[in-house]
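Structure, as C-alpha cells:
The values are calculated or read from the model by the stated rules, or taken from the named source; none is laboratory data. Quick caveat, the model's predicted, so the values are computed rather than measured. Neighbour counts run over all protein chains shown; Cβ positions are idealised from the backbone, glycine included. For accessibility, only protein heavy atoms count, side chains too; no ligands or nucleic acids. Shrake-Rupley method; radii C 1.70, N 1.55, O 1.52, S 1.80 Å.
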Amino acid sequence: MDVNHNKNMKNEDMLSPLAEYEECDFSKLLEKPRLLSIERQRSLEERSLSELSIGISPCLSSRANDLNSLRIFEQPDFICSPVGRRSGINTPRSQTGFDPHPMVAEAWEALRRSLVYFRGQPVGTIAALDNSEENLNYDQVFVRDFFPSGLAFLMNGEPEIVKNFILKTLRLQSWEKKIDRFQLGEGVMPASFKVLHDPVRNNETLIADFGESAIGRVAPVDSGFWWIILLRAYTKSTGDTSLAELPECQKGMRLILSLCLSEGFDTFPTLLCADGCCMIDRRMGVYGYPIEIQALFFMALRCALLLLKQDDEGKEFMERIVKRLHALSYHMRSYFWLDLKQLNDIYRFKTEEYSHTAVNKFNVMPDSLPEWVFDFMPVRGGYFIGNVSPARMDFRWFCLGNCIAILSSLATPEQATAIMDLIESRWEELVGEMPLKVCYPAMETHEWRIITGCDPKNTRWSYHNGGSWPVLLWLLAAACVKTGRPQIARRAIEIAETRLLKDHWPEYYDGKLGRYIDGGSWICLVRLFLEYIETKEWSCRAGDWVGKPHFRLDSLILI
C-alpha cells in the first residue's frame, strides 16, 4: 500500500400575500419516471448520447419570449452536446479540439495534488494546499468544500472519486457522535474528516469531526444537505441509480430527513439553526433561520424526492417532504423576499399587531431598517434577505443562499430574474475587483464587536464578513445559465481569471472591492468553470450553445 499520498498535505407577501403567487403541486414530481441504471465502468467518450439524457429546469429569464408557458417544476429533457477528445493530461475534455486555457491545466494539477487517499483509494480533496497554516484544519476533507471539487470530477468523467467520498462519509454518519457526554442525532453528517497514518502498524484510519473540534463547537447542519445534493449530482451525471438505491444510502437519507422534518415547538417550516452551522462557520449573527440553510434544505428535499425508493419507508418520507416543500416555499417566497415594494411596506409598518389579521406578522420595527438598504435596493431587482425571526430581519445579502434559491427553484421565475437584476445593478458592491462577496455589507465598529464577539478573522470586508470568495463563482455561473443570463457570469469570470492563478488560488480576498489577497491556497479551482461557459455567442435560451463551449454547465442544475 502506498502511504505517501497524503504526507505533504496540510493539517410578507413579507407583509402581504404575493399577488402572483401560485401554489405548486410538488406531489406531481413523484410521477416522474425513474432513471434506468446503466453500466458505470465506461468513460464519457464511450457513452452514447442517449445515455447522457438528463433533466433540467427551464430557462427562467424574463427575456425569453415564451416565459408565460414556463412552469417552475417542469423538467424537460435535453441531450448533451457531443463529447470531444481530451486536451492534455488529466484536464477537461475539449469539444472542438482546441487546447484548454493554460489556467485549466494549472487548476487540475492543484486539484490532483489536493487528493486525499485512504487505503489506496481517493476519497476527497483537502481544503487548501497551504503549508504555512499548520495549526488550521486545512488538511481535512470538508463535506461542503469537496462539493465543487466533486462536480469537477463528475464533469471530467471521474465519478469513482465522488462515489468513494459518498460512501466514506456515509460510513462516518453511523459512528457514535458524543460531545461532552451529550449524544448528537443519529443522522448528523460530519463537517469534515481526515486520514491518519500509523507508521508503526502501517495502517490508516479515518477521524471525523462532528463539531467537537470545530471553532465554537457547533455541529454542521449543511453537511447532510450537501451530501444528498452530491448524491443527486452523481446519479444525474452517471445515469446510474444503483448507488442511491443501496440500502445504506437510503437509510442515510432517511436519517438526515428525520432530523430536519421532525415536528416540535416551532411554528415555521424553516430550520432553526445556531451561528456557525454552515459555510459561515463562526459567529456572524446568522443564528435563527439563515437563508443559506433554508435554501439548501429546500434543494436537498427536492433531490431526496428523486432519490428515495418508492417502498413503504420511502413513500412515508416522500409524503412528509411534499408537505414541507409546500409550506417552506410559501414561507420563503413570502417572508424572506425583499424588493422595492416590500421595502416600502416595511417602512410603513404598524407595530404591536395581534391576531391572524396582522400585516406585520413578525413585529418588525421600521426603525430597525438599516440605512444602507435604501441605497442598495435598485428600482428593478430583489433578493432573499439573510434571516427572518420575531422582531428581527437580517437585510444582508448572502450569495450562496440566493444562488441556491435559483438553482433549486425556491425562487419563482420573477424572483430569479430580480436577483440577477440586482447583481447587475450592484456590480461594484457585490463583484468589484474580485468576485464574489459572500455577504453584503460588512459589519463594522460597535456592531462588529457585539455580533462577532470581536472575531479578529471576521474583521470588516474580510473572511465571512464581506470577504470576496472566488469559489462562489460556480454558483453564480450555474444560476446565470438557468436564468438565461450567461453574460453576467462571463463578465465576473473575466475579472477573476486575471488574478487567480497569479495569486496562487487564494481562498478569499479582502477589502470593499476584493482588492487584497488573504487566505490560503484554497482548492476553489474557479477556472475550471470558466472553460464550461466560455463561448463566442449565445442563443436566447439557456442550454442552446453556439461557439466553442467545453462543457454544458446546465449539468450543474440538478433539479
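Structure values in brief
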read-out	value
Where trypsin sites (Lys or Arg not before Pro) fall in DSSP loop in segment 302-394, at most 14 other Cβ within 10 Å	Arg348, Lys350, Arg380
Share of pairwise Cα separations in segment 134-243, more than 17 Å, in percent	56 percent
Along principal axes, Cα extents of segment 212-295, largest first, whole Å	41, 28, 23
Cys454-Glu319 pseudo-label distance in nm [points 7 Å out on the Cα-to-Cβ vector]	5.5 nm
Of the trypsin sites (Lys or Arg not before Pro) in segment 431-479, those whose Cβ has at most 15 other Cβ within 10 Å and which sit in DSSP loop	Lys457
Sites Glu248 and Lys341, calculated FRET efficiency, Cβ-Cβ separation with R0 56 Å, nearest 0.05	0.70
Residues Leu259 and His446, FRET efficiency given R0 of 41 Å [Cβ-Cβ distance, rounded to 0.05]	0.65
Accessible area, probe 1.4 Å, largest first, for residues Thr417, Thr459	Thr459, Thr417
Under 5 Å, built H, 5+ apart or other chain: amide partners of Ile179	Leu184
Filter on Lys236/Lys502; Lys251/Lys437; Lys437/Lys482; Lys177/Lys323; Lys457/Lys502 - keep pairs with C-alpha separation over 32 Å	Lys236/Lys502; Lys251/Lys437
Note, ³J(HN,Hα) from phi for segment 337-353, Karplus 6.51, -1.76, 1.60, rounded to Hz, x at Gly and Pro	7, 9, 9, 4, 5, 5, 5, 5, 5, 5, 4, 10, 4, 9, 10, 6, 7
Whole-Hz ³J(HN,Hα) from phi, Karplus 6.51 cos²θ - 1.76 cosθ + 1.60, for segment 505-518, glycine and proline x	6, x, 5, 7, 10, 9, x, 4, 9, x, 8, 10, 6, 8
Spacing of the two label points (7 Å from each Cα toward its C-beta) at Arg112 and Thr357, in nm	7.1 nm
